[in-house]
Amino acid sequence: MIEEKIYVIIAIDEGTRFSIKCNPEDFDALTARDGIGQAYHLAKRQWIQVENLDVLTDKELKSRVADSRAMVLAKLPKKTQAKYL
C-alpha cells in the first residue's frame, strides 16, 4: 500500500490467489490465460485476479507487481511520489 492506495491484494487465508492492478491494454491478453480473470469488485479492465502463483513466472510476477505499484504511484502528487522513488 502506498499512501492508502492499494496495488496488490492477497487473501492469505485462501492459498495463493491475489489481485493486482494492470494496464488496460494488457487486460485481454492476461485474462485470456488460464488462471487469470477479472478481479471481482474492482475496477473493470484495470485489475486482474491470479488464481495461483504457477500462472506467472517469477520474473513476470515481479514485473507485474512492480507495474501495479508504478501505476498507483503515478497517480499521486509529484511530492508524494518522490518519497517512494
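Bear in mind these aren't lab numbers, they're just calculated from the coordinates by the rules spelled out. It should be emphasised that the depicted structure is a prediction, and the values quoted were computed from it without experimental measurement. FYI the Cβ positions are ideal-geometry reconstructions off the backbone, even for glycines, and counts take in every protein chain you see.
If contacts are Cα pairs under 8 angstrom and at least 6 residues apart, what is the relative contact order of the chain in percent?
The value is 31 percent.
Over the stretch 8-84, consider all pairs of different Cα atoms and compute the Kirkwood hydrodynamic radius from their mean reciprocal separation; express it in Å, one decimal.
13.0
In nm, to one decimal, how far is the residue 66 label point from the residue 44 one, both placed 7 Å along Cα→Cβ?
3.2
Just to be sure I follow the rule: in the stretch 8-84, considering lysines 8 or more places apart or on different chains, how many pairs have Cα atoms under 27 Å apart?
The result is 18.
Given R₀ = 35 Å, what would the calculated FRET efficiency be for residue 33 paired with residue 82, taking r from the Cβ atoms and rounding to 0.05?
Here the calculated transfer efficiency is 0.50.
Go through the stretch 19-26 residue by residue and turn each phi into a ³J(HN,Hα) via Karplus (6.51, -1.76, 1.60, θ = phi - 60°); whole Hz please, and just put x for glycine and proline.
So the J values, rounded to whole Hz, are 10, 9, 6, 9, 5, x, 5, 8.
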